[in-house]
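Presented below is the structure to which this report refers.
The values are calculated or read from the model by the stated rules, or taken from the named source; none is laboratory data. All values reported here derive from a predicted model rather than from experimental measurement. Neighbour counts run over all protein chains shown; Cβ positions are idealised from the backbone, glycine included.
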């Protein structure tokens, strides 16, 4: 193996010129011959049934090639259920295929697709589709869905209901210091600059090319191939650049299936570009959370128990879980007793999905707020409190970490920040007329690892090409992979 310097000096980005000159092509910007445009019709009720769909006016509108509904849609097969497939087979947070029946599960659900020669024609004709509904009373809040609340055992392969030691005994011990508070976070939406979108091109009856804005090209390939009974090598997914995602482009959403179905129905390539408005319902969001955290400690600051109960929303057609406690309280600090409960409420709102540290972000926010409250109850420095409860092994699995340098982080951070100058009393520190508060918090995020493959071509002229089916979110994957390849192959970066 070549000697490495861990990616070496900082080079200019290999894709930098393409981006600053506007030459970088994003998925829906490819110009495909005879490409038509698909515009979805969205439900304006949150729950109920479709009684009828009148598409006659839309079908006779200028430029319209097809109007696809649940009554005439080319039906793909239902890919394997969530419990029957691996993560590498693709992700569907919304488990129901679009246009599969006459049921409506949330407002904004796609109930039809109009395909026309121009996007203006498709948009106009979609407005002519008349849908009659039999609305039902929707469940929209945790309170209204309380009778349907569930405690999922796992989130993917991760256990989310966790118990270690006797939490109740510590909670009842009056000699210990206890803090208990409830923290809430709102619904959050991703809305990257590049909206989601797909161009579907049927090259033949058994070959399909997709230009898709995705964080997971292999997942799209696998799901679409299985849905349409195609050999996986006959489905090609092209995504040279991604204009931001933050998690919403990790799953395969209904618009991808719609583009494929629309292209099949119209007999031409079809582009479905999700509108900015539909990004709020068609590509997921972070669920609101309500988290109650109880911390119990001795006067020396040593934790005796931690309890983290999280309430989140999911949808009737997906069982997504935002694992707040399992990914924060269960992994951060040492305690002889830990209990984590995750409770989900199915409501008639579009399915949630991953968003920038799913679970860890809202979970550590709540946990670290509670730790600050405990530090004041104990009159103990927040850094010292965290050091007193540092976990040398995983707190709930009791396995050693492969590496951990959190104590050094605390020490170096405190030194660089000048933490010893902090006055813990509220309203005691000022800069001129401004009140200034100093705080600190710990964060965590797991290191995920999956199988991957790469192909290397070495040429006689000294150049090399390295290929891998992945994506660049804009964070520099092209450049990083080039640096890694340069080191491992012993070939100059520019070659």
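Per-structure values
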| read-out | value |
| --- | --- |
| Where a residue in the range 421-448 is outside the structural domain of residue 359 (by TED's automatic domain parsing) and its partner, wherever it lies, is part of a strand (DSSP E or B) and modelled with pLDDT of 95 or more, with Cβ under 9 Å and at least six apart | 442/333 |
| Filter result for residue 99 (modelled with pLDDT of 95 or more, at positive phi and surrounded by 19 or more Cβ atoms within 10 Å (Cβ to Cβ)) | yes |
| Verdict on residue 399 being without any contact (Cβ under 8 Å) to a residue 60 or more places away in the chain and surrounded by 14 or more Cβ atoms within 10 Å (Cβ to Cβ) | no |
| Within the range 26-69, tally of residues that are in contact with a strand residue (DSSP E or B) (Cβ under 6 Å, 6 or more places away or on another chain) and either without any contact (Cβ under 8 Å) to a residue 60 or more places away in the chain or part of a helix (DSSP H, G or I) (or both) | 5 |
| Residues that are touching a residue at least 40 places away in the same chain (Cβ under 8 Å), under 19 Å from residue 377 (Cβ atoms) and surrounded by 24 or more Cβ atoms within 10 Å (Cβ to Cβ), drawn from the range 308-334 | 308, 332 |
| Residue count, the range 160-187 (criterion: under 23 Å from residue 247 (Cβ atoms) and surrounded by 17 or more Cβ atoms within 10 Å (Cβ to Cβ)) | 3 |
| Sole residue being more than 17 Å from residue 151 (Cα to Cα) and either within 18 Å of the chain's Cα centre (by Cα) or crowded, with 24+ Cβ neighbours inside 10 Å (or both), chosen from 337, 377, 305 | 305 |
| Residue tally, condition free of Cβ contacts under 8 Å to residues at least 40 places away in the same chain and part of a loop (DSSP other than H, G, I, E, B), over the range 223-259 | 2 |
| Flag if residue 353 is under 25 Å from residue 95 (Cα atoms), surrounded by 21 or more Cβ atoms within 10 Å (Cβ to Cβ) and at pLDDT 95 or above | yes |
| Unmet criterion (only one of (1) surrounded by 18 or more Cβ atoms within 10 Å (Cβ to Cβ); (2) touching a helix residue (DSSP H, G or I) at 6+ places or on another chain (Cβ under 7 Å); (3) over 23 Å from residue 70 (Cβ atoms); (4) without any contact (Cβ under 8 Å) to a residue 60 or more places away in the chain) for residue 207 | (1) |
| Criterion (touching a residue at least 40 places away in the same chain (Cβ under 8 Å), closer than 23 Å to residue 44 by Cβ, under 15 Å from the mean Cα position of the chain (by Cα) and buried (at least 24 other Cβ atoms within 10 Å of the Cβ)) met by exactly one of 282, 262 | 282 |
| Matching entry among 390, 405 (being exposed (fewer than 15 other Cβ atoms within 10 Å of the Cβ) and in contact with a helix residue (DSSP H, G or I) (Cβ under 8 Å, 6 or more places away or on another chain)) | 390 |
| Residue in the range 438-446 that is within 17 Å of the chain's Cα centre (by Cα), within 25 Å of residue 387 (Cα to Cα) and surrounded by fewer than 10 Cβ atoms within 10 Å (Cβ to Cβ) present | no |
| Where residue 115 falls short, out of the listed (1) in a loop (DSSP other than H, G, I, E, B); (2) under 30 Å from the mean Cα position of the chain (by Cα); (3) farther than 29 Å from residue 314 by Cβ | (1) |
| Residue 198 vs. criteria outside any loop (DSSP other than H, G, I, E, B) and either in the same structural domain as residue 356 (by TED's automatic domain parsing) or over 20 Å from the mean Cα position of the chain (by Cα) (or both) | no |
| Test: residue 141 is within 26 Å of residue 294 (Cβ to Cβ), surrounded by fewer than 14 Cβ atoms within 10 Å (Cβ to Cβ) and not assigned by TED's automatic domain parsing to the domain that holds residue 311 | yes |
